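Encoded as structure tokens, the structure appears first; notes follow it.
Computed from the coordinates by the stated procedures, all read-outs in this text should not be read as laboratory data. Since we're looking at a predicted model, the values are computed, not measured. Cβ atoms come from the backbone with ideal geometry, glycine included; neighbour counts cover every protein chain shown.
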Amino acid sequence: MARIDFAFGAPDRLRMACEVIRKHYLAGRKLVVYTQDKQRLARIDRLLWGFDATAFIPHVHADDPLAEQTAVLLTPSAPVAPAFEGALQPWLINLDLGCPPGTEGFERVLEIVSNHDDDKLAARERWRQYKEAGHALHAHDVSGKS
């Protein structure tokens with residue numbers, strides 16, 4: 001079973017995702033970013049090119065010829081944990097409103113939840129589904145209010 005980490009209270013879900021991706025990329029971790037929403041995937045793709053004046057995170061779509069050599073993969077399809085030589089095991093960042101298929105292939109799944117009502121409601125449903133599936137769940141308040 002995967003460990004599922006929920007980061008609740010993000011002011012901006014995609015910007016927080018970029019920060020998390022940068023942190024893990026700089027630490028040498030490979031990441032797969034998943035959402036079926038092609039508009040959301042396009043937005044995260046654009047943000048990763050320059051969400052911060054000094055930030056650039058190398059990334060490609062999972063079906064790109066450079067995917068094997070790239071640290072961050074974006075996919076609208078069922079995510080697969082790629083095998084990378086000499087690297088930490090890849091983690092999955094779920095930006096979809098539903099639970100991603102294939103979580104058993106990942107050691108950890110990161111869920112970022114904004115303060116928007118629809119996002120919180122969808123996150124509660126994902127939490128319930130992960131719990132029923134027997135995953136280890138962890139909640140983190142990233143709102144800065146505690």
Computed over the chain, the Cα gyration tensor eigenvalues, each multiplied by 5 and square-rooted, give semi-axes in Å (largest first) of 22, 18, 14
Note down the nm distance, to one decimal, between modelled labels 7 Å out along Cα→Cβ at K23 and at A139. 1.9 nm
Across all directions of projection, what mean area in square nanometres is found for the Cα convex hull of region 1-77? 5.9 nm²
If we restrict to alpha carbons, what Rg and Dmax does region 24-66 come to, in Å? 11.0, 29
Normalising by the residue count of region 87-130, find the relative contact order in percent from Cα pairs under 8 Å and 6+ residues apart. 41 percent
Relative contact order (%) - region 3-141, alpha-carbon pairs under 8 angstrom, separation at least six: 37 percent
Give me the lysines in straight-line cross-link reach of K30: C-alpha distance below 29 Å, same-chain residues under 8 apart excluded. K38, K120, K131
Computed over region 76-146, the distribution of all Cα-Cα distances in 10 Å bins, rounded to whole %, is 17, 48, 28, 7, 0
Which is farthest toward the positive dipole end of region 3-141 among W127, L41, A139, measuring Cα position about the Cα centre, with Cβ charges +1 (Lys, Arg) and -1 (Asp, Glu)? A139
